[in-house]
1. Please list, ordered by first then second residue, the pairs with beta carbon atoms under 9 Å, 6 or more apart or interchain, first in the range 112-131 and at positive phi, second at pLDDT 85 or above and surrounded by 12 or more Cβ atoms within 10 Å (Cβ to Cβ).
2. Counting residues that are exposed (fewer than 15 other Cβ atoms within 10 Å of the Cβ), which strands (runs of 3 or more DSSP E) fully inside the range 33-89 reach at least 1?
3. Please specify each residue of the range 141-189 satisfying the condition of being surrounded by fewer than 20 Cβ atoms within 10 Å (Cβ to Cβ) and in contact with a Phe, Trp or Tyr (Cβ under 7 Å, 6 or more places away or on another chain).
4. Give me the residue from the range 199-208 that is surrounded by fewer than 21 Cβ atoms within 10 Å (Cβ to Cβ) and at pLDDT below 90 and, out of that set, nearest to residue 99 (Cα to Cα).
Amino acid sequence: MKVVTGMTDPIKTPIREYYPISYIEDFCEKELSISLSATGTATATYSAEYVTGGIKVYATVVDPVIYTSSGSVGSNDNVTVHLQAANSIMRGDRFAVYFQCDAGGNYKLCRYSDADGGFAAVTSDEVADPSAENDTFYYTYEKTYDGYKVSLFASYDFLRMPEGYAFGKTRMLLSLRNTDSADSTNYYVYGSDEGVSYDMPNTWLVLDKDNNFTRDDFDTVSFKEDMLSDNEFADLKFLDSLAVLEAGEGCTLRETKAGASLFSNRTYISHALKAARCSWSTMPRADAQ
């Protein structure tokens, strides 16, 4: 494998394994299809596989009305693939990339740059020529009788994750735009109704080690567990310091006296001048006496 050079602000990969979180039950598909209607109905069928050194993704599009008149890849009929070989709930802290190819073979290749800048075009330092086969990143385009075909290869180096982290765990978003004309557009990300999103996803599509698309559900784990250790949110503490009420006798009302302890893991005490009946539902916060 060629070592990618010329990257600014290199990523520090944590020395630990990021296993996929539990997959959503019963979702396991070799191919995924998106159908959209604008003037006519277009269908994109996706598949993917792990190959030597990286991952390949394939898209076959059947589209009766091809639109590539805007001069902008993103505004034409196109397919888009977001890839992320890191277990992060955000856009990947510069681990995420996306590739977009329109019905005429024009492409856009971008990497998530930082928390504020969004996605920026990949430089020639990373990929000299994406249309030429190489061991970092490349794509192919073929015009067909009823549409077009696109494939892409992304190496583990390009995804900024060693093979041991990425194999069987690479995440992706698959999209189709069916434009047909400047005034007739339909766009869809596969699974967006169920929370698939590169921005703040509830779930991702994951390509498992057998090249099946599965689903990775964020709702099954804590936010803290799902963050990369070098993520900007890594130092947040959740539920680590909640006050614990003193054990009662199973009732909602208890009588407290001046000096009585309110929490088993806090020094806060009651300052009542006389006996009071307190409901746990209206107890003061742990940071206020």
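The values are calculated or read from the model by the stated rules, or taken from the named source; none is laboratory data. Just so it is clear, the model here is predicted, and its values are computed rather than measured. As a convention, Cβ positions derive from the backbone with ideal geometry for all residues, glycine included, and neighbour counts pool all protein chains shown.
1. That search, which allows pairs on different chains as well, returns 118/110.
2. 41-51
3. 141, 142, 151, 162, 163, 167, 181
4. The extreme case among them is 199.
Yes or no, residue by residue, for (1) among the acidic types (Asp, Glu); (2) outside any loop (DSSP other than H, G, I, E, B):
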| position | (1), (2) |
| --- | --- |
| 105 | no, no |
| 125 | yes, no |
| 130 | no, no |
| 133 | yes, no |
| 138 | no, yes |
| 143 | no, yes |
| 150 | no, yes |
| 154 | no, yes |
| 169 | no, no |
